Amino acid sequence: MKHNLTTLVLAFLFLLPACSGCSGNGKAKGSDSGSDSDADSDSDSDSDSDSDTDTNTGVYVSDAGPWDWEDNPAGEDCGPGCKQLTFSDSVEPLQWDVWDQKLVYLTGEDGPGNVIYVVDILNHKRMQIPELYKKYPLATGKSYLFYPSIYNDTLYYSIKVWDEKVRRSELVRVNVGVNQKVIASVGVHAPDSPSPLKYVDVYDKYIVTQAGCGTNLALGNLCLFDWSVIPAKSTTLIDEAYGNYNSIWGNWIVFTDSRPGYFDITGYDIAKQQLVAVTNDSQYSQLSPRVQGNKVVYGDLRLGTDQSVNFGNRNHQAIFMYDLETKERRQITSGQWIAADPDIWNEIIVWMDYRASTDPNNISAFDGVQVWGYNLNTGKEFQITNLPSTAWPERPKEHPRIWGYKVYVDMMTKTQGIENAIYQFDLPEGAR
């Protein structure tokens with residue numbers, strides 16, 4: 001993310017061989033017969049690429065040598081099929097990611113003291129990403145880290161640098177393989193806006209972020225970057241900060257679309273360079289989409305009485321699945337209680353479930369919240385987490401993510417001084 005002639009040459013040599021893996025991350029109860037399954041192929045999308053002058057590409061390569069991996073502690077006894085994966089300062093909510101057998105997460109508050117760790121789940125190892133970016137001539141002031149995301153062995157995260165002379169946000173790329181330490185900074189210079197690139201998500205050569213593209217970098221546009229070319233090609237998907245909580249997989253990006261009106265889910269077809277309406281609801285809001293393949297899961301408020309765009313208590317929020325190819329929409333949860341923050345892997349959908357809460361239609365009533373799942377092929381629903389209340393009363397399980405039939409959950413710990421940690425749960429027998 002920076003440049004003179006030497007660094008540009010280094011960037012070219014470094015990025016070309018790596019670009020094939022430059023980075024990244026259904027159900028069934030009644031169908032929705034509404035008309036919002038039609039594709040939106042109008043001109044809402046700025047499908048023309050922004051000027052390449054908006055982006056600067058450079059590279060910093062650290063000293064050669066192996067990463068310093070250390071043994072991961074054993075963790076607390078969290079029950080059968082459960083494993084604690086993080087043990088440092090509290091994990092920042094929604095600022096962690098899983099790809100295959102690697103977990104990345106951000107610890108610490110929003111400030112220059114925050115740290116990114118990588119966990120090798122299979123080998124029970126972890127390492128801290130070193131602060132090599134501070135060797136940048138640019139980083140003379142305070143540096144803040146945000147939104148780590150991983151694809152294969154490549155980690156991306158956002159960094160904000162702020163001092164009296166420099167106000168800049170950019171992406172950093174790190175090879176987390178075991179053979180060599182490499183940091184590459186692939187930057188977007190925003191001299192008038194130190195806002196970080198948010199909601200970073202990666203898949204293969206594509207990175208999607210909120211902020212970093214367009215002629216006015218202070219707007220926080222929803223951006224798609226293609227790192228298979230140098231300098232990186234950027235495309236503005238949505239102007240201003242109306243696109244967020246984005247998810248990318250294969251040819252599809254989905255995001256919460258907050259353009260004036262109620263919140264909807266919108267998709268972007270990378271191959272066709274066009275926006276597609278996943279929902280188009282003028283009365284109720286939809287949010288928190290996740291995509292794998294051509295299937296999108298999201299939370300929907302259409303079954304409740306909460307019509308506030310601020311989401312209020314989100315009473316009766318349900319999980320729906322939409323197939324981007326067949327245009328089929330399926331209701332996954334009943335809506336009798338809140339189901340929120342879904343994720344999908346192949347035929348399995350998982351979500352936060354409030355049925356055991358003392359106030360099951362209040363999004364803030366975390367006591368009793370567990371993670372449940374659903375198998376699209378069998379039509380069976382099942383509970384995934386079930387720690388006894390005597391082990392830790394009011395211990396909510398949040399933001400579940402699923403990969404390879406393992407479920408990852410942001411959960412409160414019993415360790416004093418560490419509020420949140422990431423736990424891995426096996427799917428129950430018969431769930432697959």
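The values are calculated or read from the model by the stated rules, or taken from the named source; none is laboratory data. What you see is a predicted model, and the numbers here were worked out from it, not measured in a lab. Reconstructed Cβ throughout: ideal geometry from the backbone, glycine too, with neighbour counts over all protein chains shown. For the accessible areas, the whole protein counts, side chains as well, though only heavy atoms, and no ligand, DNA or RNA atoms are used. Shrake-Rupley method; radii C 1.70, N 1.55, O 1.52, S 1.80 Å.
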Quick check: net charge around Ser228, other residues with Cβ under 11 Å of its Cβ, Lys/Arg +1 and Asp/Glu -1? 0
Once both labels are modelled 7 Å past Cα along the beta-carbon direction, what's the Thr215-Asn377 spacing in nm? 5.2 nm
Using only C-alpha atoms and all pairs of different ones, pull out the Kirkwood radius for the range 303-432 in Å with one decimal. 15.4 Å
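Would you tally the net charge around Asn152, using a Cβ to Cβ cut-off of less than 11 Å, leaving Asn152 out, and scoring K and R as +1, D and E as -1?
Numbers: positive: Lys102; negative: Asp100, Asp153, Asp204.
That sum, taken over residues with Cβ under 11 Å, equals -2.
Give, in nm to one decimal, the length gained when the segment between Glu347 and Glu429 is fully stretched (0.36 nm per residue of separation minus the Cα-Cα distance).
Numbers: separation 82, 0.36 × 82 = 29.52 nm, distance 1.52 nm.
That pair, Glu347 and Glu429, stretches by 28.0 nm at full extension.
Take a quick pass over the range 288-432 and tell me how many lysine pairs come in under 18 angstrom between Cα atoms, counting only ones 8 or more apart or on separate chains. Walk me through the numbers before you get to the answer.
Working: Lys295/Lys327; Lys380/Lys406; Lys397/Lys406; Lys397/Lys414.
Counting lysine pairs in the range 288-432 gives 4.
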At 7 Å along the Cα-to-beta-carbon direction for both Ala74 and Tyr405, put a label point, then send me their distance in nm to one decimal. 2.8 nm
I'd like the FRET efficiency for Ser364 and Lys125, computed as 1/(1 + (r/R0)^6) with the beta carbon distance as r and R0 of 45 Å, rounded to 0.05. 0.75
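Tell me the per residue accessible area of the range 306-361 using a 1.4 Å probe; a whole number in Å² is fine. List each step's numbers first, then the result.
Numbers: 1940 Å² over 56 residues.
Result: 35 Å² of accessible area for each residue.
What FRET efficiency would be calculated for the residue pair Glu240, Gln336, taking the C-beta separation as r and a Förster radius of 35 Å, to the nearest 0.05? Walk me through the numbers before you get to the answer.
Numbers: r = 37 Å, r/R0 = 1.05.
My answer for the efficiency is 0.45.
If I take R0 = 35 Å and measure r between the Cβ atoms of Gln416 and Gln273 in this structure, what FRET efficiency does the formula 1/(1 + (r/R0)^6) give, to the nearest 0.05?
On the way: r = 51 Å, r/R0 = 1.47.
Calculated transfer efficiency: 0.10.
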